[in-house]
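The values are calculated or read from the model by the stated rules, or taken from the named source; none is laboratory data. Everything numeric here is computed off the predicted structure, so don't read it as measured data. FYI the Cβ positions are ideal-geometry reconstructions off the backbone, even for glycines, and counts take in every protein chain you see. Heavy atoms of the whole protein, side chains included, go into the accessibility calculation; ligands, DNA and RNA do not. Shrake-Rupley method; radii C 1.70, N 1.55, O 1.52, S 1.80 Å.
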Amino acid sequence: MAKLSINVDHVATLRQARKAAEPDPVAAAISAEMAGADGITIHLRGDRRHIQDRDLKILREVVKTALNLEMAATEEMIAKAFEVKPDMVTLVPEKEGEITTEGGLDVQANFDHLNVVIPKLQSEGMLVSLFINPDEESIKTSAKLKTDYVEINTDSYACAKTVTEQISQLERFEKMVNLAHRLNVGVNAGHGLNYKNITNLVQIQHIHEFSIGHSIVARAVLVGFEKAVKEMLDLVKRR
Ligand code: PXP
């Protein structure tokens with residue numbers, strides 16, 4: 001059965017809108033764990049637009065499940081990971097001015113850099129995941145890099161405008177999951193997932209964990225964090 005890691009970035013987005021103390025992503029993470037979440041995800045961005053260094057430090061202390069740190073593979077962030085030692089680091093591309101992560105890592109173009117960074121993080125006891133698009137080359141290159149996991153970008157499935165397109169993206173996604181599985185790479189999945197589009201994905205085998213943020217935080221504003229997490233857990237654990 002797939003796990004669910006809750007991304008609490010947008011609780012911090014709301015806090016930073018007023019540069020206030022509330023709402024606290026740490027409190028949200030505790031609520032998510034109380035609701036049964038399998039993990040907590042945060043993205044520490046270079047521009048610190050939502051999650052702050054303080055959040056990372058406190059979450060490392062407080063999270064009892066598994067802390068996944070999304071970050072760019074920059075020197076600054078690698079130093080942060082070494083200092084805090086999250087359970088897993090998910091390497092993502094980061095573009096100045098983007099609203100959210102736009103697409104997966106170019107693992108071919110960044111092969112040499114990743115080939116140094118991945119074993120460095122692993123040697124300090126952290127699992128490594130690479131956020132990649134659902135294409136064969138990216139999966140095969142990720143396997144060569146000996147990453148523990150790939151997180152396959154679900155955006156093209158989530159953004160499909162017609163049922164036909166959605167089915168075709170789903171089939172493509174499943175093929176890529178199976179390829180990664182055959183190459184002994186663990187598979188996580190995320191980006192753009194919500195209470196509707198998750199239901200097809202949970203039918204696919206070999207997905208270790210879903211990483212979901214925006215839709216859960218959006219629902220939590222209306223119904224409360226624990227309820228929003230529980231509702232998503234019900235869907236993820238239903239096969
Ligand atoms: N996975 C990655 C790599 C991401 O960058 C994000 C967004 O921070 C997510 C998953 C979660 O996406 P969403 O907020 O659309 O659920």
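Computed with every protein chain present, the accessible area of LYS146 is close to 150 Å² [probe 1.4 Å].
Bridgeable aspartates and glutamates around LYS175 (alpha carbons under 18 Å apart, same-chain partners fewer than 8 residues away excluded): ASP135, GLU136, GLU137, GLU151, ASP155, GLU165, GLU209.
Region 42-116 and region 183-231 have their alpha-carbon centroids 19 Å apart.
Among HIS208, HIS50, HIS214, the order of accessible area from largest down is HIS214, HIS208, HIS50, computed with a 1.4 Å probe on protein heavy atoms.
Gain on full extension, evaluated as 0.36 nm per residue between LYS64 and LYS140 minus their Cα-Cα distance, stands at 24.1 nm. Label-to-label distance, GLU75 versus LYS161, with points set 7 angstrom from Cα along the beta-carbon direction: 4.5 nm.
Classify region 33-158 from the C-alpha gyration tensor, please: rounded if a/c falls under 1.5, else prolate or oblate depending on whether a/b exceeds b/c. Here region 33-158 falls in the rounded category. The residues of region 1-138 present an accessible area of 45 Å² per residue when probed at 1.4 Å with all protein chains retained. Under a 5 Å amide H cut-off, with hydrogens placed 1.01 Å from N, VAL89 pairs with LEU69, LEU127, VAL128, SER129 among residues at least 5 apart or on other chains. Taking each DSSP H run with n ≥ 4 as -39500 (n - 2.57) and averaging over every residue of the chain yields -13500 deg cm²/dmol at 222 nm. The figure for LYS230 is an accessible area of roughly 100 square angstrom, using a 1.4 Å probe on the protein chains alone.
Placing a label point 7 Å from the Cα of GLU124 along the Cα-to-Cβ direction, the residues of region 32-59 whose backbone N falls under 15 Å of that point are 44, 56-57. Using a probe of 1.4 Å on the protein chains alone, the accessible area found for THR147 is around 10 Å². Listed cross-link partners LYS3/LYS146; LYS80/LYS140; LYS64/LYS85; LYS64/LYS196; LYS19/LYS227 are compared with a 25 Å cut-off, the Cα-Cα value being larger for LYS80/LYS140; LYS64/LYS196; LYS19/LYS227.
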